[in-house]
Amino acid sequence: FKGGDTCEYLLSSGRFLGEKVWQPHSCMMHKYKNSEAKNCLIDKHIAFIGDSRIRQLFYSFIKLISPQVKEEGNKHGNILFEDKSASIKVDFLWYPEVNGSMRQRIKSWTEGSVAKPHIIVAGAATWSIKIHNGSNEALAQYKINITSIAPLLEKLAKSSDVYWVLQDPVYEDMLSESRKMITNEKIDAYNEAAVRILNSSSRNSKAKVKVFSVSKLIAQETIMKSADGLHLPESSRDTNAMILMNVYCNKIMKPIDGSCCQPQPPLTLIQKLAFCFFTLSMLGYLIIHLIHRNNYRKNKSCTDVESGEEKPAISAPSVSTLEMLLHCFCKLGLIMTYFYLCDRANLFMKENKFYTHSSFFIPIVYILVLGVFYTESSKETKVLNREQTDEWKGWMQLVILIYHISGASTFLPVYMHIRVLVAAYLFQTGYGHFSYFWIKGDFGVYRVCQVLFRLNFLVVVLCIVMDRPYQFYYFVPLVTVWFMIIYATLALWPQIVQKKANGSCLWHFGLLLKLICLLTCIYLLSYSQGTFEKIFSFWPLSKCFELNGNVYEWWFRWKLDRYV
């Protein structure tokens, strides 16, 4: 547990999981795709101002928008990038020293003579150390210059996002002779001066320049892989660019796996009503329970003092249906509160999933060994009988649960095997429903409602409490739709069941014909995305199957296991 500003943690602290995955302290970082980056930065102007290290960050940043960009052009000059499709402008302005020229450029933005950028990323120091041979006079001048620039940056920070990038450490053994004076001791002195001076005059939290210090931590782990001892390797630059994207875009795009810099969403009306319902259920249960307990105490047997005889004990009153129902709602309410606090509130620290072989295979081996000690005899002899399929489903649920908890989807062999298990689970679901209708011949509305309630109750409650769309929990919509397809196929005239089919072989051909028609429909629908999307874009289906404003995700999930 740790409250606080996750933006601050994202910009200042974290660690590596493995070699390449950066984990910010206490929050999750989203990996932005090009389309997401464009949607976030549409009609935005971003300016990078500084030296060659800032230029590297500039290139990594624009590659998130347009991956085909090549690092070419005048290295010691301004570089302009524009994505006309999304009206995004990203400029790199070559100002290798914190001096009067940099101050003049920043001042022009505050005066309104030049269009003010929405995001400003600045930083410089190594050139000052190099040109002045690491002298103390240069450091003193740097302090004077940054003191004169700081109020301008703070003024810009009132309406724009301003970031000051601290200097990364160098790998001194690899530096060329012309750069030997750039030492980590000097860099630390320059960073200390920048941190102390920036925001020293600002009391307004909204007008603060954000200090981008996390780059230092990343460089400490990776600078040894640098080509020249000064500039970061590409993977580290990409991590810095992704952090920058998360700081600005998370509050706009609100990604599910990006909790850093994302404020807690306000409660919706339906969430408030759910909270009131569970609270009233708890109060109602407590009141009824206390009344029953009080009545029981009054009627409890006691020794008759006059006769010395003991009256027969009065049994505890039976629990009423209402009390049992309220008790169940109490438990459900507590579980949902826990879910909400973990998943939707910023109460607990969060981490991105990071796959390791041990995190997946150790629990698998554990449950296999445990399973050996739990065996039961079965009276059934048929293949795929109920007990057998239930056990098979149980094993698959355990494996799929471990797969999701450990983030094993990033490891392709495990992902492929899990896809087989999901397909097998869908097959068994379909087989179970088919068997019921085939043997029992019960096509009543009660049976349909019973199955739909059983499949969807938990998910619907989750949708309400978590403020998530139904399609977010995609497996339940998938199973629900296939159940309805199986029901519709078998319930349509003529209704062919086992009892009827045993009387004549023709009914078997009739059932086969039904299944062939179903297969044909599935085949045609799977090769016509437009038709599929039109069907599920009609209200109210669209409300159930849309995710991020379209039904593409539902189309993708439905298509994966359409034949099984």
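Values quoted throughout were computed directly from the atomic coordinates according to the rules given, and no laboratory measurement underlies them. Remember, it's a predicted structure, so these values are computed and weren't measured experimentally. Ideal geometry is used to build each Cβ from the backbone, glycine not excepted, and the neighbour counts take in all protein chains shown.
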task = Take every Cα-Cα pair in the chain and report what % of them are more than 31 Å apart.
result = 64 percent
inquiry  = Which one, F48, I364, W482, projects farthest toward the positive side of the charge dipole computed for the chain from Cβ point charges (K/R +1, D/E -1)?
reply    = W482
ask   = Using only Cα atoms, what Kirkwood radius does the range 371-479 have, in angstroms?
value = 16.4 Å
query = How large is ³J(HN,Hα) for each residue in the range 135-144, as worked out from phi by the Karplus curve 6.51 cos²θ - 1.76 cosθ + 1.60 (θ = phi - 60°), to whole Hz, x for Gly and Pro?
reply = 6, 5, 5, 5, 5, 5, 5, 4, 5, 5
request  = Take the Cα pairs of the range 485-564, get the Kirkwood Rh, then feed it into Stokes-Einstein at 10 °C and 1.306 mPa s and tell me D in µm²/s.
outcome  = 109 µm²/s
ask   = If you bin every alpha carbon distance in the range 40-94 into 5 Å steps from zero, what whole percent lands in each bin?
value = 5, 20, 34, 25, 12, 4
Members of K514/K559; K33/K208; K33/K251; K84/K254; K89/K116; K31/K254 lying beyond 18 Å, as alpha-carbon distances in this model show = K514/K559; K33/K208; K84/K254
Straight-distance crosslink candidates among aspartates and glutamates, where the alpha carbon sits under 14 Å from K107 and sequence neighbours closer than 8 are dropped = E154
Relative contact order computed over the chain (Cα-Cα under 8 Å; 6+ residues apart), in percent = 13 percent
remark   = Relative contact order in percent for the range 42-241 (Cα pairs under 8 Å, 6+ apart) equals 23 percent
Phi to ³J(HN,Hα) by Karplus 6.51 cos²θ - 1.76 cosθ + 1.60 over the range 242-250, Hz, x for Gly, Pro = 5, 4, 4, 5, 5, 4, 8, 8, 4
inquiry  = Rg over Rh of the range 431-564, using C-alpha atoms and the Kirkwood radius, what does it come to?
reply    = 1.01
remark   = Rounded to the nearest whole number, the Stokes-Einstein translational diffusion coefficient of the range 482-521 at 20 °C and 1.002 mPa s (Kirkwood radius, C-alpha pairs) in µm²/s is 205 µm²/s
request  = Towards the positive end of the charge dipole of the chain, with charges on Cβ (+1 Lys, Arg; -1 Asp, Glu), say which of A424, I516, Y340 has the farthest Cα.
outcome  = I516
task = For the range 42-241, state what percent of all Cα-Cα pairs lands in each successive 10 Å bin, counting from 0 Å until the bin that includes the largest distance.
result = 9, 36, 38, 16, 1
request  = Could you give the size of the charge dipole of the range 52-204 about its Cα centre, using +1 on the Cβ of each K and R and -1 on the Cβ of each D and E, expressed in debye and rounded to the nearest 20?
outcome  = 480 debye
key: Of all DSSP beta bridges in the range 42-241, antiparallel share, percent nearest 5   = 20 percent
task = Note the per residue figure in Å³ for the convex hull of the C-alpha positions in the range 363-420.
result = 88 Å³
query = Non-local amide H neighbours of I49 (under 5 Å, H modeled in plane, Pro and chain starts lacking H): which ones?
reply = L93, V121, A122, G123
request  = Can you spot the lysines whose alpha carbon is less than 17 Å from K216's alpha carbon? Ignore those fewer than 8 places along the same chain.
outcome  = K20, K186, K225
query = What distance in nm separates the simple spin-label points at L322 and S159, each placed 7 Å from Cα in the Cβ direction?
reply = 6.3 nm
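Return the calculated 222 nm mean residue ellipticity for the chain, to the nearest 500 deg cm²/dmol, obtained by summing -39500 (n - 2.57) across DSSP H runs with n ≥ 4 and dividing by the residue count.
Helix contribution divided over all residues of the chain: -18500 deg cm²/dmol.
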inquiry  = What does the extension gain come out to for F354 and S526, with contour length at 0.36 nm per residue minus their alpha carbon separation?
reply    = 58.5 nm
remark   = R293 and N78 label points (each 7 Å along its Cα→Cβ direction) are spaced in nm at 7.6 nm
key: Net charge of neighbours whose Cβ lies under 15 Å from the Cβ of K272, counting Lys and Arg as +1 and Asp and Glu as -1   = 0
